[in-house]
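Please treat every number below as a calculation from the coordinates, not as lab data. This one's a predicted model, so the numbers in the text were calculated from it and none came from an experiment. When we count neighbours, we look across all protein chains shown, and the Cβ atoms used for this are built from the backbone with ideal geometry, even at glycine.
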Amino acid sequence: MSKKDLYMAELIFNLGRFVEQPLGLGPEERLSQIPENCYISQHIKGDYTAMTGVYGSDDVLKSFAEKYSKMDLSAEPGLMGELVADFLNLHNGLFIVNLSESENIESTLTVPSFDPNAAPGDIFGELYSVSVEFPFGTLCFLLSESL
Amino acid sequence: MTNEELKILICDDSLLARKSLRDALKNAGCTEIKEVYDGQSAVDSYKEDKPDIVFLDIVMPVKDGITAAREICEFDENAYIIMVSSVGTQLHLREAIKAGAKDFLQKPPTPEQVKNVLSQVTGEER
């Protein structure tokens, strides 16, 4: 299994474990650049290097953040990006632990970014997007790995 | 020493991680809990308050948790530091122990794991 496929397989597992079981996955799409509305991202660096991200409508991101955190964000909508980034960090962390244990590949993570005004991070190679359908809407997850 | 008497420092840039740890500590009877958000604040706060236990994340802004652990242990070789991180790779484990951490918990830690840490410090049977 390629690292990309491993990343996506673990993503689905972690979504089910920590957020909600996805209803389905869309086809993998190759993008030429990071979508403008993708401001939640994190880089994996080390023996395995990649850019990861997540994007979607604010309504779906808010529902995702509420499911993940078990918090009501009605009074604190500003926490939405931080909480989604928290999930991305958790998933990426578990992914690199798995890489370390199963393949002796050592990587670390950068601090996740969730500032809508920040410039998008660097991409390293081909940029893939996978849409994940939940009962509350669809989110897209990005991966661009250095090969 | 009881859990209620413990001075605890949580250092994590993740709001959710801090909340989850704080809830677990409060449920275990801890009352004196301070929270900071980056490694430099953890070092500064440790020097000021000398907490009994420090829960320290690794990937953080300003100063990472491994560097913060090293600096805290240079200040106090008896510091009781538990790394709590999503990046629990063998390399990070080795670095954390080398920096002076007593243990490493993979995120998200369970309330049981948190209670185990507390009992190791208080010496109380669980």
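Quick notes on this one:
- With a cut-off of 13 Å on the backbone N, the residues of region B:32-73 near the modelled label site 7 Å out from B:R22 along Cα-Cβ are B:32-37.
- Cα long-axis angle, helix B:111-122 against chain B (0 to 90 degrees, to the nearest 10): 90
- One decimal place: the segment A:D115-A:T138 gains 6.2 nm when fully extended, by the rule 0.36 nm per residue minus the C-alpha distance.
- Chain A: angle of helix A:58-69 to the longest principal axis, Cα-based, in degrees nearest 10: 80
- Of the cross-linked pairs B:K47/B:K107; B:K7/B:K47; B:K7/B:K50; A:K67/B:K63; B:K26/B:K47, those separated by over 19 Å at the C-alpha level are B:K47/B:K107; A:K67/B:K63; B:K26/B:K47.
- For B:K34, nonlocal amide neighbours, meaning residues 5 or more places apart or on other chains whose placed amide H falls under 5 Å from its own, are B:I8, B:L9, B:I10.
- Label-point gap, in nm, between A:E28 and A:E106 - each point 7 angstrom along Cα→Cβ: 2.9
- Farthest positive-ward along chain B dipole, Cα basis, beta-carbon charges - from B:L118, B:Q106, B:I58: B:Q106
- In order through region B:83-98: 3J(HN,Hα) via Karplus (6.51 cos²θ - 1.76 cosθ + 1.60), integer Hz, x for Gly, Pro: 7, 10, 8, 7, 9, x, 7, 4, 4, 5, 4, 4, 5, 5, 5, 4
- Among A:S100, A:L88, A:V111 the positive-end extreme of the charge dipole of the protein assembly as shown (Cβ point charges): A:S100
- Helical runs (DSSP H, four residues minimum) scored at -39500 (n - 2.57) apiece and divided by the length of chain B put the mean residue ellipticity at 222 nm at -14000 deg cm²/dmol.
- Computed across the protein assembly as shown, the Kirkwood hydrodynamic radius from all distinct Cα-Cα pairs reaches 19.3 Å.
- The value of relative contact order for chain A, using C-alpha pairs under 8 Å at least six residues apart, is 37 percent.
- Taking every alpha-carbon pair within region B:3-121, the share separated by more than 22 Å comes to 21 percent.
- Against chain A, whose longest principal axis comes from its Cα atoms, helix A:80-103 is set at around 20 degrees.
- The mean sequence distance of close C-alpha pairs (under 8 Å, at least 6 residues apart), as a share of the length of region B:3-121, puts its relative contact order at 25 percent.
- The protein assembly as shown: antiparallel DSSP beta bridges as a percent of all, rounded to 5: 65
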